[in-house]
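Structure, as structure tokens:
What follows draws every value from the coordinates through simple rules; no lab data is involved. For clarity, every value in this text was computed on a predicted model and none was experimentally measured. Cβ sites come from the backbone with ideal geometry, for glycine too, and all protein chains shown count toward neighbours.
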Amino acid sequence: MATDSPASFRVLLMVTGGIAAYKSCFLARLLQQAGFAVKAAMTPAATRFVGPVTLQALTGHPVATDLWGEGQSEPLDHIEYARWADVVVVAPATADILAKAACGIADDMVSTLLLACDGPLLMAPAMNDAMWAHPAVQANVATLAGRGVEMVGPGSGHLACGTTAPGRMSEPEEILAAVRRIVADLPSEARAVGTEAAAAQDYWRGRRVVITAGPTHEPIDPVRYIANHSTGHMGFALAGEAARRGAVVTLICGPVELPVPRGLAKVQRVTTAREMAAAVTEALSADPQWLVMAAAVADFAPETPAAGKIKKEELGTGWSLQMRRNPDILGEIVPAHAPAGLKVVGFALETSEVQERALAKLQAKNMDFIVANNPTAEGSGFGAVDHEVLLLDGTGVIWRSASLPKPELAALLLQKLAAAEVS
Ligand code: CTP
């Protein structure tokens, strides 16, 4: 739903290394009080003036400082933060960042984010008056202005170097006013996305969420098993994203070797479908509000796994393996153990009639939502980087994604699920 409320907008506040960095803490507070969602990023030099912990406490989000995932940053923060932002503010903007932005240099978190962001950009320069007057700086400012970058200030006043001259960062109130002006010109579609994102941001905080991920392995003998192509990336991305949004996440994963996302409450590793069923049963006893079954659970397992390695000589020229059905976690375990009010999200891989079959599966297994995709569709296979999914509830398709990488899909799925719940 479109709205003019500032709460609909997400501001990425980027702080570079000048003494005015301390004023950016006030700016973060002012933006929040005005109702904007705020995240921050800092250059290494900025962290010498103000600790990232201060901005983290003020914004309620980790502060992106390092491209390599050190400190509070995750390695792909520059992409995630850039996508998240409706408006980017650089305050204070040093001569250095103006030069990097003008030339497209990306050698730290802030300069890299500037290249990754495509929304409106507001810069609040702050530096010594002689530096500000230098033709190189003025040429960079002109280049940036020519690309539509808005400048606020610098004001004239007492500078840290002891002189009184132009170079002082605009006051936080002036920067806030400039942000408001920019926001007033944003298209209504951006506002709608921002509103939904802001609501979803709060929705997951403190919610208990159980997520399953990966394949299961069903042993044939001690060295062989039956498995599937699931990589676990989707479930891990959902777990990481839910934790980032403040959810209390239990991840139950089959055999995959993926780095465990930060901030999960519990990670339980299982091998077989039966072990996964037991882990889900136990997790349901902790009264979660959501169960997201992203795991590709094997429907059948070898009836009697051999105690020793089966030799081909014993099998002759053919081999038929007796299989038995595994428990259907969503279909059988969840109805018997679900706490009241549990919301259930399932996944479906369908190679034809995707929508119809996913809806039938949702109804058959009593899910609230189902995420469906077609692994044979172009660009959506198991190894593909980008995927297209449909999100359905009991009424049919409620969202059709673009072809996106899984981390981004995970973020949007959580946003859509939250929006569906709060609407
Ligand atoms: N699932 C489950 N327990 C199983 C098998 C699957 O809970 N034993 C869950 C999966 O985690 C997924 C959804 O059910 O969320 C998939 O539904 P399902 O009907 O099992 O899909 P397919 O295995 O693809 O079924 P079919 O072969 O009938 O298409």
Counting only residues 5 or more apart in sequence or on a different chain, those whose built amide H sits under 5 Å from that of I226 are E218, I220
Output the relative contact order of the chain, whole-number percent, from Cα pairs under 8 angstrom with separation of 6+ residues. 12 percent
Kindly provide the chymotrypsin sites (Phe, Trp or Tyr not before Pro) of the range 292-358 that DSSP labels as loop, not H, G, I, E or B, and whose Cβ sees at most 12 other Cβ atoms within 10 Å. W319
From zero up to wherever the largest Cα-Cα distance of the chain sits, split into 20 Å bins and tell me the percent of pairs in each. 24, 46, 23, 6, 0
Output needed: percent of Cα pairs per 10 Å distance bin for the range 246-288, bins running from 0 to the one holding the longest distance. 27, 54, 20
Dipole in debye (nearest 20) - the range 6-187, about Cα centre, beta carbon charges: Lys, Arg +1; Asp, Glu -1: 320 debye
When the Debye formula is applied to the Cα atoms of the range 6-187, each taken as the same point scatterer, what base-10 log of I(q)/I(0) results at q = 0.16 Å⁻¹? -0.90
Using a cut-off of 12 Å between beta-carbons, work out the net charge of the residues near P219 (Lys and Arg +1, Asp and Glu -1, P219 not included). -1
Under a point spin-label approximation (7 Å from Cα along Cα-to-Cβ), what is the I398-R147 distance to one decimal in nm? 4.0 nm
For the range 196-422: span of alpha carbons on each principal axis (Å, largest first): 63, 39, 33
Could you give the nm distance between label points at R48 and E303, where each point is 7 Å from its Cα heading toward the beta carbon? 7.4 nm
Can you give me the long-range amide H partners of A348? Hydrogens built in the peptide plane at 1.01 Å from N, cutoff under 5 Å, separation of 5 or more residues or another chain. V371, A372, N373
Got a sec? Charge dipole of the range 196-422, +1 on Cβ for Lys and Arg, -1 for Asp and Glu; which of L284, P407, T304 is way out at the positive end? L284
Run the count for the chain, please: Lys pairs, Cα-Cα under 30 angstrom, 8 or more apart or on different chains. 21
In nm, what is the difference between 0.36 nm times the number of residues separating K311 and D328 and their Cα-Cα distance? 3.0 nm
Placed amide H near I252: partners under 5 Å, 5+ positions off or other chain: I211, T212, A213, Q268
Net charge, V38 excluded, C-beta distance under 10 Å - Lys, Arg +1, Asp, Glu -1: +3
Considering only DSSP beta bridges whose two residues both sit in the chain, what percent are antiparallel, to the nearest 5? 30 percent
Work out the length of the dipole vector of the range 196-422 about its Cα centre, built from +1 on the beta-carbon of each Lys and Arg and -1 on the beta-carbon of each Asp and Glu, and round it to the nearest 20 debye. 540 debye
Charges only on Cβ, +1 for Lys and Arg, -1 for Asp and Glu: so what's the dipole of the chain about the Cα centre, in debye to the nearest 20? 600 debye
